[in-house]
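Just below is one structure, and these are the notes that go with it.
Only the coordinates and a few stated rules stand behind these numbers; no lab work does. These figures come from a predicted structure and were not determined experimentally. Don't worry about glycine lacking a Cβ; one is built from the backbone with ideal geometry, like all the others, and counts go over all protein chains shown.
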Amino acid sequence: MTTPSDTRVTLSEIMRGTEANLLGTVHGGHLMKAVDSIAGVVANRYAGGPAVTAAMDEMTFVTPVRVGDILHSTAQLNWSGRSSMEVGVRVEVDRWDSVTERVHVASAYLVMVAIDADGRPATVPALELETPEERRRFREAGIRREHRLARRSAIEASRETGTEGSE
Ligand SMILES: CC(C)(COP(=O)(O)OP(=O)(O)OC[C@H]1O[C@@H](n2cnc3c(N)ncnc32)[C@H](O)[C@@H]1OP(=O)(O)O)[C@@H](O)C(=O)NCCC(=O)NCCS
């Protein structure tokens with residue numbers, strides 16, 4: 001059995017000038033790619049095979065990242081279902097010009113789905129929860145899942161039946 005902390009992975013990289021936006025700080029899209037990549041690493045390892053990104057939500061950008069900063073993306077599995085998994089990612093930096101505490105720069109939750117050779121959802125193992133923190137994350141991930149699925153169903157239903165907004 002695998003616990004959430006067993007799945008934890010951190011990737012680190014130095015931010016280059018090629019990652020800069022018009023303001024000279026690191027482009028949000030670069031951070032999103034880092035988040036998606038590390039979530040993929042966690043999900044693939046847990047599933048024991050390929051997993052794709054089904055959704056990415058609640059991505060928050062807390063403070064700008066500067067060129068030269070050392071970016072650390074840390075991810076772990078919060079929740080697993082039949083074929084889907086929620087991965088939580090926290091991104092921090094070491095500033096290039098000072099030795100201080102790591103700075104939290106971004107966070108996100110991603111839904112990853114394990115797939116088989118035909119691209120269809122494949123089952124994943126059950127997650128073993130050990131600590132109160134792991135149980136809290138699992139519980140909160142379950143709430144986010146319910147909201148995602150409810151929102152998707154509500155939108156689909158409104159497309160089938162709704163006429164609001166039309167002339
Ligand atoms: C993700 C994908 C495989 C799901 O296929 P599907 O036919 O919709 O499969 P299902 O409806 O059975 O959903 C599979 C699981 O994903 C979950 N899921 C799918 N979309 C979701 C969403 N937007 N939010 C939350 N969960 C979602 C389902 O609840 C289900 O979970 P469970 O098996 O744990 O109960 C398919 O939509 C796909 O291939 N998308 C493209 C992925 C991609 O190209 N990503 C970018 C590159 S990695």
> For helix 132-161, what angle does its Cα long axis make with the longest principal axis of the chain, in degrees from 0 to 90 and rounded to 10?
Replying inline: 60 degrees
> What's the angle, to the nearest 10 degrees (0 to 90), between helix 28-47's Cα axis and the longest principal axis of the chain?
Replying inline: 60 degrees
> Taking one equal scatterer on every alpha-carbon of the chain, how large is log10 of I(q)/I(0) by Debye at q = 0.11, 0.18 1/Å?
Replying inline: -0.54, -1.09
> Rounded to the nearest 0.05, what FRET efficiency do Ser5 and Arg159 have when you use their Cβ-Cβ distance and R0 = 30 Å?
Replying inline: 0.15
> Near the amide H of Thr3, under 5 Å away, which other amide H atoms are found, from residues 5 or more places off or on another chain, if H is placed in the peptide plane?
Replying inline: Glu128
> Taking 0.36 nm per residue of separation and subtracting the Cα-Cα distance, what length does fully extending Asn21 through Val41 add?
Replying inline: 4.6 nm
>> From the phi angles alone, apply the Karplus equation (6.51, -1.76, 1.60; θ = phi - 60°) to the range 107-120 and give each ³J(HN,Hα) in whole Hz, x where the residue is Gly or Pro.
In response: 8, 7, 10, 10, 9, 10, 10, 6, 10, 8, 5, 9, x, 8
>> Per 0.36 nm of contour for each residue apart, how much would the distance between Ala55 and Asp94 grow if the chain were fully extended, relative to their Cα-Cα spacing?
In response: 11.2 nm
>> Please give me, ordered by residue number, the GluC sites (Glu not before Pro) of the range 71-158 that lie in loop per DSSP and have at most 15 other Cβ atoms within 10 Å.
In response: Glu101, Glu128, Glu130
> What number comes out for the charge environment of Pro125, summing +1 per Lys or Arg and -1 per Asp or Glu over other residues with Cβ under 14 Å away?
Replying inline: 0
